[in-house]
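The values are calculated or read from the model by the stated rules, or taken from the named source; none is laboratory data. No experiment lies behind these values; they were computed from the predicted model shown. Every residue, glycine among them, receives a Cβ derived from its backbone with ideal geometry; neighbour counts consider all protein chains shown.
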């Protein structure tokens, strides 16, 4: 069944569908549309309207690629019946208590199940803990379709490795992990992805192995960044510059080049909780992973506290202080504000009676207002500030000259918090600033 499907796709006798057209799904749909007939489905009609108009709200592939693509964008779930190879790429966030929120994935499985045909292959890309594909998604697909998995349709898992805002490490250039419920399915899934992934594929020995591989990739980064954040806290108390320490340590050939920072987004700041949740279910309480999460989750508050300390040291009244935050997205050069840790800085400053102005030329302003109730101020309108916090390393901020940064401030001693260490400590201290960074 599955082997014939690959040839049917190549001959355009069968279609591929992409369920979920965000930062992950949309680039995949565009890539496959160069080789196959693709249906791009998302429930968000406004988003579909933008794609149909040739606009890329994610900035991942650009408006020209959206205008030129042959992806058939639709918000009609019934159109999924036209496809036989389905890729599900919907978000997998966490709840307020840090437990996995599988509702988007369950909803997508229900919707796809109602429109599933015999002979289909369904591949999930959403980040999950080991077991979700077979224990959560498969039963939903069977229930909604009335079909039997392994007989009427097959399933696989291929974890996404999209890095939002990264123009170098793309779908085509990153080796893709693929898995299937049996050898035939694995062969088909591998062959289909090999059409678009120039770097090739790695065949995992089971779906659970592929799920586990994905969730530890980001957990590993999270732990390493947490270590750097903890070192930054320690060195800050010692009066030692963390960047200088890392530059020195980095001369050793096997030193890992991680940097301190705010860890948000819908991968590194989320995936570890999926793994620890499953571990808890199995009777094991994570120690290292959760310790790293606690450190990283607290960094926004830590930055805000240091802003207040530096305001006091610069003889600025704290309550009502004029503070600007440059950058609100979860990472640089990306419009996505979901799970940004910059909001933690904002909320902590408010506890001290400070209402910061926020500037982010890259961010999705409508999303930020909807999710957090915040608005953005244009950079040219930032004037008379007591302190400026550069929280995200957008190119627009990296390019700022000392004169441009100086224009943000009013009278009194200037306080600059350079969270990502974009600028020269010596230069700004030489200009009389109170300069602080992680």
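Could you grab me the full set of residues in the range 257-300 that are loosely packed, with under 11 Cβ neighbours inside 10 Å and either in contact with a strand residue (DSSP E or B) (Cβ under 9 Å, 6 or more places away or on another chain) or part of a loop (DSSP other than H, G, I, E, B) (or both)?
Matches in the range 257-300: 257, 282, 283, 284, 285, 287.
In the range 112-127, how many are under 25 Å from residue 6 (Cβ atoms), in contact with a helix residue (DSSP H, G or I) (Cβ under 7 Å, 6 or more places away or on another chain) and buried (at least 19 other Cβ atoms within 10 Å of the Cβ)?
9
Looking at the range 394-419 only, could you name the residues that are closer than 21 Å to residue 309 by Cα and in contact with a helix residue (DSSP H, G or I) (Cβ under 9 Å, 6 or more places away or on another chain)?
Taking the range 394-419 and keeping what is closer than 21 Å to residue 309 by Cα, we get 405-406, 408-419.
Passing the criteria: 405, 408, 413, 414, 415, 416, 417, 418, 419.
So which residues in the range 20-61 are touching a strand residue (DSSP E or B) at 6+ places or on another chain (Cβ under 6 Å), surrounded by 18 or more Cβ atoms within 10 Å (Cβ to Cβ) and either without any contact (Cβ under 8 Å) to a residue 40 or more places away in the chain or on the phi > 0 side of the Ramachandran plot (or both), if there are any at all?
Listed by number, the residues that qualify are 37, 38, 40, 41, 48, 51.
In contact with a helix residue (DSSP H, G or I) (Cβ under 6 Å, 6 or more places away or on another chain) and either within 17 Å of residue 331 (Cβ to Cβ) or exposed (fewer than 15 other Cβ atoms within 10 Å of the Cβ) (or both): does that describe residue 303? Quick ask: steps written out before the conclusion?
Numbers: in contact with a helix residue (DSSP H, G or I) (Cβ under 6 Å, 6 or more places away or on another chain): yes; either within 17 Å of residue 331 (Cβ to Cβ) or exposed (fewer than 15 other Cβ atoms within 10 Å of the Cβ) (or both): yes.
Yes, satisfied.
Name the single residue that is nearest to residue 325 (Cα to Cα) among those in the range 382-396 being outside any loop (DSSP other than H, G, I, E, B) and modelled with pLDDT under 95. So that I can check it myself, show each step before the final result.
Here is the first cut: in the range 382-396, the residues outside any loop (DSSP other than H, G, I, E, B) are 385, 387-390, 395-396.
Narrowing further to those that are modelled with pLDDT under 95: 395-396.
On the way: 395: 15, 396: 14 Å.
My answer is 396.
Which ones in the range 150-169 are in contact with a strand residue (DSSP E or B) (Cβ under 6 Å, 6 or more places away or on another chain) and modelled with pLDDT of 95 or more? Before the answer, list the steps.
First, the residues of the range 150-169 that are in contact with a strand residue (DSSP E or B) (Cβ under 6 Å, 6 or more places away or on another chain): 153-159.
Within the range 150-169, 153, 154, 155, 156, 157, 158 qualify.
For the range 347-354, check the following and say yes or no: at least one residue is surrounded by 15 or more Cβ atoms within 10 Å (Cβ to Cβ), in the same structural domain as residue 326 (by TED's automatic domain parsing), out of contact with any strand residue (DSSP E or B) (no Cβ under 7 Å at 6 or more places or on another chain) and under 22 Å from residue 240 (Cβ atoms).
no
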